[in-house]
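Below is one structure, written out as structure tokens, with a few remarks after it.
The values are calculated or read from the model by the stated rules, or taken from the named source; none is laboratory data. The structure presented is a predicted model; accordingly, all values stated were derived computationally and were not measured. All Cβ positions, even for glycine, are placed from backbone atoms using ideal geometry, and neighbour counts span all protein chains on display. To get the accessible areas, we keep the full protein, side chains included, count just its heavy atoms, and leave off ligands, DNA and RNA. Shrake-Rupley method; radii C 1.70, N 1.55, O 1.52, S 1.80 Å.
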Amino acid sequence: MKTLKTLRRSTMASAISFVAASAAFANSSVPIDVGDGTTINLPSDRPLKVAFFIEGTNNSAMQATLDGAVKTAAQFGWKMDVFDAKWDAIVQTNQMQNALSRGYDAWFLRAAEGSTVCDIATEQAVSNNILVVTGTLPICGRSVNEGDEQWAPGTLSYVGGTQSGDAWVELLENMAKENPGPQKLGIVTGPELNPITRNFEIGLGRFLKKHPEIQVVAKARTDYSTPVAYEKSIPMIQANPDISLYFSSYGNLTKGLVTALKELDRLKSVKVYEGGATTWSKQAILDGELQSSSMLTVRTNSVKALEALRDAQQGKPVPRFIANDGLPITKGKLLQILDTSNISQFEPEAQ
């Protein structure tokens, strides 16, 4: 039987062990401020376990985004699981809900729809000590914002800015400058609820208020894939022979549009503009089939998002808003506009 003295020694030793263990735990994590006075303790002494929630993988931009994330995680020695929402917001929220209890240290989130994922990304993830970084697609209704206001409290950082409302205005203004006077405009864009599409609609609305001489006469919505863009462009072109300008919100969509214009022998009588250049876009500008585009740095977006998590793990400061996908802006206020003057130097990240 243990004596009272022995019990006291045992209790004291346990207390010392507990304090030592607590100190060791404290030394193996770094506190991360995610806003609103909330802190997440990110492990600092081991590779992170990361979940990557991507909105879709059915086009070259998404494949470049995925490639950037997978290779960067491997470079850091992290374990990363990928969850493809297939452009379905409900699928994505279910994926995130199931991931809450799977031991992830951090999430990289590209939202299929920004409001649907808000509570899980900014409240439930925080309650489960999961650090979240978002890319390209603002969440929690912040698509209407610009700059730092695209960051959602409860998350580490937002990486993007190249597809905000103001960025789309910049591209549309470039189109208007090159085509003064009354114009009939045809639009090819993405799913209605997608944050990028909503940003584009916001920018388009601002642009049209300033340019009443430009009238949108037709709009084709797609899933951001070339086949669907082609399919939706054919009837739009046929029904609107008076369209003088077309604007597409992504290079894969433009490819479908231009293919349709060629087949219907309409390409030579219109001008085509876009945002989000691909390898195809570069050649189309050189061939005179596309007037201008903008840099699409989707692979860089993934790299910068994971670098933000790495910097946080190392105790380095991370900006709430990482503009232009983390790249310097060399032409325009918000993004790099590409045309015949500089397209030869452009190295596309998406096919």
Residues in the range 316-351 that are open to solvent by 50 Å² or more (accessible area, probe 1.4 Å), over 21 Å from Thr122 (Cα atoms) and at pLDDT 85 or above total 6
Looking only at the range 137-160, which residues are open to solvent by 10 Å² or more (accessible area, probe 1.4 Å), assigned to a loop (DSSP other than H, G, I, E, B) and at positive phi? Cys140, Gly141
Which residues, taken from the range 71-97, are part of a helix (DSSP H, G or I), modelled with pLDDT of 95 or more and within 26 Å of Val126 (Cβ to Cβ)? Thr72, Ala73, Phe76, Ile90, Val91, Gln92, Thr93, Asn94, Gln95, Met96, Gln97
Across the range 201-221, what is the total count of residues that are touching a Ser or Thr at 6+ places or on another chain (Cβ under 9 Å) and part of a strand (DSSP E or B)? 3
Out of the residues in the range 94-112 that are open to solvent by less than 20 Å² (accessible area, probe 1.4 Å) and of a type outside the set (A, V, I, L, M), which is nearest to Ser29 (Cα to Cα)? Asp105
Please verify whether Tyr224 is closer than 22 Å to Ser115 by Cβ, outside any helix (DSSP H, G or I) and under 25 Å from the mean Cα position of the chain (by Cα), treating the condition exactly as stated. yes
